[in-house]
Amino acid sequence: MDMIVNEQMKNGVEFAEFKLTELEARLEMAALPMADFWYCCKCFNGGCPQD
Amino acid sequence: VNQYFLANTLAISETDDPHPDRRFCIFVGTRVFHGSERVARLLDTISQVAELDDIVARMTEGDSGSAMSHEQVLAAIETQLIPSGVVSRTSGSAGEVTQRSPYLFFSRTLISATMVGRVAPPLSALFAPATAIATVLLCTGLLLLWLVGLAQSGSISAALSDFDMSLADSSLFYLLVLVSFIMHEFGHAAASHRFGSRPAEIGIGLYLVFPVLFCNVTQAWRLPRKARVAVNLGGVYFQLIVCAVLAACQLATHSDVLTLVMYANLVSMLVTLNPFFRFDGYWIYSDLFRLPNLRDSAREVTIAALGRAARSLLRLTPGAAVASKPALRLYAWSSMLFFTGFIGTMLAGMWRLASTLPQLWGAALEKYQRQPPLEALVDAGGHAMMLAIYVLGCILTVGFIVSALRHAVLAVRQACSRTALTAGVTAAQGTMP
């Protein structure tokens, strides 16, 4: 069987015609406000120690 | 006797993609593929009969467009279907399958697929064309009214700078932000239902340095392109509605918490349209330009170009240019520029955080001591969680970068050595140009 497959490959069978491409999962993501955002909001009152 | 079995339940639907390799959308269990007419027919046949002779007998009959010879059937099964894990030689076995690399970590379901399936249908009425146009106009008008009011009363930062968030305020803020983002996800789910595909769960996870909410709409791959774009825009559409409701409430109450929630929502709506992260903008670009697996394809284009550049530097025979759509090349190069900037910003942020950690720690301790115990505990917990997410995200992102660079270097080196070998053979044959 393997021999037949190899023979086919050598003979240039159009493998593109049998192409099966796995697609990525569609996870529609939304980023929650980042850590920086929270720190900045928290620091609005007393000023940010990083500044 | 050669027998072949499908690894899982099969669902095949025709796509609107003109590319012959993407004529069919093929679900095998939860995995989804694009395939040609012949592959789709072959899988359909294997789902009905198991023996090779029977499969071949069915595949050789019918029109020449999708008919296959004995050798072709065998080659397709052995070189495509078995290695990809969708077909096996023994019944009920999925075989050794390498799944696509995940891009979301620590994901947890927040709302089950069953619950999403119950809530999405009534909400999908908002996607009727006339309703959608009227809603977008109305909500945009209300938002503009709110923004004009804000501009007259001072900038958003001025409105926020005098704002002292108590525990009650921050609890309300967190709750409203969570509700807004869950509504964003229901936007995707409702659109998905409206256009005829089943939405799955809504969950939470970590993507690079971002904690994210997500809606699994993998079934939307079977929809036509316009419907997929509508599913992608569904989230921002619902968030726009939420913002309009919040704006009306803020105008009535003048609440600073609501201003802050609005700010978080508006920033998030802009961020989510960025096509370089895998947010809504990524899927919009991917679907609009018919570029499935956009991130992987862009990486291949970049690596191929780097390989050509390396060969040119080493004065080797230039390899053949890989044909790719202009939209893909544009994405690949813009994406590389964007991520270079992002990684630089991230490294600078990590350095800034590490170098000011003692001051931050001192300031935080001082603040906790001034606060009532419960408030201090919640604040400290929140800070610790945010810091942990940020550090973990940075580690994961650095891991991704190292792995991508290693992959790129290996691919370029491989391309160079292959060309060197070919160049040597060509030179020996005396046909070197």
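Of all residues in segment B:216-228, which are more than 12 Å from chain A (Cβ to nearest Cβ) and in contact (Cβ under 8 Å) with a residue 24 or more places away in the chain?
Here is the first cut: in segment B:216-228, the residues more than 12 Å from chain A (Cβ to nearest Cβ) are B:224-227.
Within segment B:216-228, B:Pro224, B:Arg225, B:Ala227 qualify.
All of B:Leu178, B:Leu213 fail the test of being at the interface with another protein chain (Cβ under 9 Å from one of its Cβ atoms), more than 20 Å from B:Ser13 (Cα to Cα), aliphatic (A, V, I, L, M) and out of contact with any helix residue (DSSP H, G or I) (no Cβ under 6 Å at 6 or more places or on another chain), apart from B:Leu178. Summed over segment B:21-50, residues that are without any contact (Cβ under 8 Å) to a residue 60 or more places away in the chain, in a helix (DSSP H, G or I) and not acidic (Asp, Glu) total 10.
Residues that are assigned to a helix (DSSP H, G or I) and β-branched (Val, Ile, Thr) were ranked within segment B:300-358; the one that is farthest from B:Asn274 (Cα to Cα) is B:Thr356.
Residue-level check: of (1) surrounded by 19 or more Cβ atoms within 10 Å (Cβ to Cβ); (2) within 13 Å of chain A (Cβ to nearest Cβ), B:Val267 misses just (1).
Please indicate, with yes or no, whether at least one residue in segment B:366-378 is closer than 18 Å to B:Phe210 by Cα and either in contact with a Gly (Cβ under 9 Å, 6 or more places away or on another chain) or more than 9 Å from chain A (Cβ to nearest Cβ) (or both). No, there is no match, as no residue in segment B:366-378 is closer than 18 Å to B:Phe210 by Cα and either in contact with a Gly (Cβ under 9 Å, 6 or more places away or on another chain) or more than 9 Å from chain A (Cβ to nearest Cβ) (or both). There is at least one residue in segment B:327-345 that is within 11 Å of chain A (Cβ to nearest Cβ) and of a type outside the set (Gly, Ala, Ser). The single condition among (1) under 37 Å from the mean Cα position of the chain (by Cα); (2) modelled with pLDDT of 80 or more; (3) exposed (fewer than 14 other Cβ atoms within 10 Å of the Cβ) that B:Leu392 does not satisfy is (3). Residues in segment B:365-384 that are closer than 18 Å to B:Leu353 by Cβ and over 36 Å from the mean Cα position of the chain (by Cα): 2 in all.
The values are calculated or read from the model by the stated rules, or taken from the named source; none is laboratory data. Since we're looking at a predicted model, the values are computed, not measured. Here the Cβ is made from the backbone with ideal geometry for all residues, glycine too, and neighbour counts use every protein chain on show.
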